[in-house]
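> Okay, here's the structure, questions in a sec.
Any read-out appearing in this document is the output of simple, stated calculations on the displayed coordinates, not a laboratory observation. As the structure is a prediction and not an experimental result, all values here were calculated from the model. Here Cβ is always computed from backbone atoms with ideal geometry, including for glycine, and neighbour counts include all displayed protein chains.
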Amino acid sequence: MRTVIIGGTYNPVHIGHLHLAEETRLQFGYERVIFVPANIPAHKESDSCTSPRQRLEMLKRATESSGIVVDTTEIERGGVSYTYETVLEFFKKYDITGKPGLVVGDDLVPGLSKWREWDKLLPLIDLLIAHRLHKHHVQCPYPHSYVDNLMLPISSSQIRQRVKHGRGFRYLVPEEVARYIDEREMYRRC
């Protein structure tokens, strides 16, 4: 099955993540989208406000009827999450036709060469770059394709700040995620 992988912290998952998944699947003809929540992100500062299990639960609620697969490999493995290890695991775990697509935001392109085992990961995947910060295509020295996605002005960090300061966030996340955040009073004290 033609598969695309979209990793992240998903803290919280929001409509931008879901839109990117749909856009990528449709543009490139993928049959399966896999969201991979990081346990401890390798390239971002970790947030002590939420546990990996809480982020996973929000992601499951957001994708319940979407057909998107939520994979727990990185959370179950524990420690810092590395994409190379995850992709190797996916070749054992899933029936993948050809190379899986790997979506990265354009903000991550300058640091790709610093990813663990990048030189071994690159031949295993089709690199797909999504617009996140730039409307134009950023320079990338590796073979890649660009996702023609909308740049929705939404980020998880903005949502966390909005919740903390009692501002509106409800329509930036799926309804089930908003309910989960409210019920557990998440992000209010961090």
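> With +1 on the Cβ of every Lys and Arg and -1 on the Cβ of every Asp and Glu, and nothing else charged, how large is the dipole of the chain about its Cα centre, in debye rounded to the nearest 20?
Roughly 500 debye, rounded to the nearest 20.
> Looking at the stretch 3-151, what % of its DSSP beta bridges pair antiparallel, to the nearest 5?
0 percent
> Taking θ = phi - 60°, what integer Hz values does the Karplus form 6.51 cos²θ - 1.76 cosθ + 1.60 yield along the stretch 61-67, in sequence order, with x for Gly and Pro?
For the stretch 61-67, the Karplus-derived couplings read 5, 5, 10, 3, 10, 9, x Hz, x marking Gly and Pro.
> Which cross-chain or sequence-distant (5 or more) residues have an amide H under 5 Å from the amide H of ALA42, H modelled 1.01 Å from N in plane?
Correct list: SER81.
> Quick one: 3J(HN,Hα) in Hz for the stretch 176-185, Karplus 6.51/-1.76/1.60 with θ = phi - 60°, rounded, Gly and Pro as x.
In residue order, the calculated couplings are 5, 6, 4, 4, 4, 4, 5, 4, 9, 6 Hz.
> Here's another thing I want to ask about it. Using a 4.7 Å Cβ cut-off, which Cys residues in the chain lack a partner cysteine?
Unpaired cysteines in the chain: CYS140.
> Please enumerate, by chain and number, the lysines with C-alpha under 28 Å from the C-alpha of LYS120, excluding those fewer than 8 residues away in the same chain.
LYS44, LYS92, LYS93, LYS99
> Which whole-angstrom value gives the distance between the alpha carbon centres of the stretch 1-36 and the stretch 47-101?
Their Cα centres are 11 Å away from one another.
> Select from SER113, ALA42, LEU102 the residue farthest towards the positive end of the dipole of the stretch 3-151; place +1 on Cβ of Lys and Arg, -1 on Cβ of Asp and Glu, and compute about the Cα centre.
So the residue we want is ALA42.
> How far, in degrees from 0 to 90, does helix 15-28 lean away from the longest principal axis of the Cα atoms of the chain, to the nearest 10?
Long axis of 15-28 versus the principal axis of the chain: about 20 degrees.
> Another one. Scan the stretch 39-118 for trypsin sites (Lys or Arg not before Pro) in coil per DSSP, keeping those whose Cβ has at most 14 other Cβ atoms within 10 Å, and list them by number.
Qualifying residues, ordered by number: LYS44, ARG116.
> Compare the peptides 120-128, 101-109 by average per-residue count of other Cβ atoms within 10 angstrom and give them in order, highest first.
101-109, 120-128
> Highest GNM mean-square fluctuation, the chain, Cα pairs closer than 10 Å: which of THR63, THR73, THR97?
Comparing THR63, THR73, THR97 in the GNM, the peak value goes to THR97.
> Answer with one residue from TYR82, GLY29, VAL4: the one whose Cα lies farthest towards the positive end of the charge dipole of the stretch 3-151, charges on Cβ with Lys, Arg +1 and Asp, Glu -1.
TYR82
> Want the number for HIS137 to GLN161: 0.36 nm per residue separation, take away the alpha-carbon distance, what's left?
5.7 nm
> With a cap of 15 neighbouring Cβ atoms within 10 Å, and only residues DSSP puts in a loop, list the GluC sites (Glu not before Pro) found in the stretch 1-88.
Filter output for the stretch 1-88: GLU31, GLU45, GLU64.
> Whole-Hz Karplus ³J(HN,Hα) for the stretch 71-79, in order, using 6.51 cos²θ - 1.76 cosθ + 1.60 and θ = phi - 60°, x for Gly and Pro?
9, 9, 3, 5, 5, 5, 5, x, x
> Okay, moving on. Just check the stretch 6-78 against the gyration tensor rule for me: Cα atoms, a ≥ b ≥ c as the square roots of the eigenvalues, rounded for a/c under 1.5, and otherwise prolate or oblate depending on whether a/b exceeds b/c.
Prolate shape, in that a/c is at least 1.5 and a/b is the bigger ratio.
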